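Inspection log for the structure reproduced underneath, given as structure tokens.
Read the figures in this text as sums done on the coordinates, not as results from a lab. Computed from a predicted model, the values in this text were never measured in an experiment. Neighbour counts run over all protein chains shown; Cβ positions are idealised from the backbone, glycine included.
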Ligand SMILES: *Cc1c(COP(=O)(O)O)cnc(C)c1O
């Protein structure tokens with residue numbers, strides 16, 4: 001269970017140091033705790049941290065020290081991991097659409113594990129990463145996920161066995177299957193159908209496949225309820241045991257959000273509280289959709305927030321960012337309930353903000369710089 005205590009170290013730092021806002025404070029102890037929780041609930045499963053969730057170098061170095069592997073999607077993420085001390089064999093190039101020259105770059109740096117989901121990508125891999133290990137991403141449903149990922153990548157499962165055999169014919173080493181059930185997946189049983197589909201591919205392919213990469217999707221603690229990580233471990237590993245009886249597998253997952261989100265507190269400052277629009281109270285923060293709160297798109301991810309006035313009288317408030325773009329409204333359809341005492345200059349702390357915030361921030365849209373990141377050892 002996460003309580004506000006999770007954020008104590010970060011909020012004490014903010015109280016003592018009062019850094020300029022917006023600022024994201026990451027508590028590396030919480031990252032280490034979450035990594036330990038993952039290892040305890042997924043024994044024998046290799047953790048490939050999805051770097052895009054938060055590419056802060058201190059986080060990558062910590063995870064290298066903890067023995068994690070990495071899911072990377074670009075040459076910049078490869079360089080970042082190698083600079084932080086990751087071995088090239090611990091990297092999985094998990095983006096199904098890679099430029100030929102980026103494949104060659106990765107291969108030259110020693111990366112030997114690549115994903116694909118099309119024959120066109122296989123041809124590029126055969127040419128620029130000869131002999132590399134490849135795994136096929138199959139499409140999986142994202143029902144139950146607050147941030148679905150299903151539409152963009154993944155071939156129909158019935159194509160996978162043929163593509164893996166084709167990989168062998170091209171001189172590559174086909175090693176297995178991956179899928180992704182969508183991010184912030186609140187239903188542990190969301191993994192059951194794709195695991196069974198992967199087992200079918202293994203049976204059909206007639207190849208010595210071993211890798212079952214079950215992607216990301218494990219949740220962070222936002223508003224509402226999330227099943228505990230133990231529920232995911234039991235359901236997912238139970239499904240593997242049922243679908244692959246007696247098989248010797250290399251199991252992998254690619255957690256992003258669940259390792260870093262709860263380690264982060266994003267301190268924002270209120271720029272303006274105004275009631276000029278239909279009497280509604282609007283609170284404008286110094287960070288919005290473009291400064292890192294991109295996952296408020298569609299009001300999909302609803303962060304918990306904390307202020308100095310919590311416990312006092314409250315009322316509804318629309319939350320918006322500081323830019324002049326009308327897409328920069330965070331929560332309007334379902335307003336937040338916030339203390340009535342809040343006014344310009346007060347802080348609103350966005351909790352569990354360590355994932356998909358700084359990595360999503362624009363460079364400086366409308367002149368608003370993205371948050372600085374401070375890591376607490
Ligand atoms: C983004 C991504 C992840 C991480 O997903 P989370 O929901 O943050 O755990 C894992 N694998 C792939 C291929 C991704 O694109």
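Overview of values
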{"item": "Cα-based Rg of region 262-376 normalised by 2.2 N^0.38 Å, two decimals", "result": "1.00"}
{"item": "Cβ-based exposure ranking for 289, 210, in which fewest neighbours within 10 Å come first", "result": "210, 289"}
{"item": "Mean Cα-pair separation over length for the chain, i.e. relative contact order, pairs under 8 Å, 6 or more apart, %", "result": "20 percent"}
{"item": "Gaussian network model of the chain, Cα within-10 Å springs - most flexible of 119, 227, 245", "result": "245"}
{"item": "Among beta bridges that DSSP assigns inside the chain, antiparallel share in %, nearest 5", "result": "40 percent"}
{"item": "Potential extension, residue 250-residue 118 segment - 0.36 nm per residue separation minus Cα distance", "result": "45.2 nm"}
{"item": "Value of Rg/Rh across region 1-113 [Cα atoms, Kirkwood radius]", "result": "1.05"}
{"item": "Gain upon complete extension [residue 376, residue 127; 0.36 nm per residue less C-alpha separation]", "result": "85.2 nm"}
{"item": "Peptides ranked, highest mean first, by Cβ atoms within 10 Å: ranges 253-262, 217-226, 199-208", "result": "253-262, 217-226, 199-208"}
{"item": "Considering only region 150-292, percent of DSSP beta bridges that pair antiparallel, nearest 5", "result": "45 percent"}
{"item": "Extension gain, residue 306 back to residue 39 (0.36 nm per residue minus Cα-Cα distance, nm)", "result": "93.1 nm"}
{"item": "Span from the region 141-179 Cα centroid across to the region 289-366 one, whole angstrom", "result": "36 Å"}
{"item": "Cα gyration tensor shape for region 80-173, rounded if a/c is under 1.5, else prolate or oblate", "result": "oblate"}
{"item": "Gaussian network model of the chain, Cα within-10 Å springs - most flexible of 167, 231, 50", "result": "231"}
{"item": "Rg/Rg_globular for region 31-258, with Rg_globular taken as 2.2 N^0.38 Å and Rg from C-alpha atoms", "result": "0.95"}
{"item": "Label-point gap, in nm, between residue 203 and residue 272 - each point 7 angstrom along Cα→Cβ", "result": "6.3 nm"}
{"item": "Ellipticity estimate at 222 nm from DSSP helix runs (n ≥ 4, -39,500 (n - 2.57)) divided over the chain, nearest 500", "result": "-8500 deg cm²/dmol"}
{"item": "Antiparallel bridges, percent of DSSP beta bridges restricted to region 262-376 (to nearest 5)", "result": "85 percent"}
{"item": "Residue of 110, 144, 315 that the Gaussian network model of the chain assigns the largest fluctuation, springs spanning Cα pairs under 10 Å", "result": "315"}
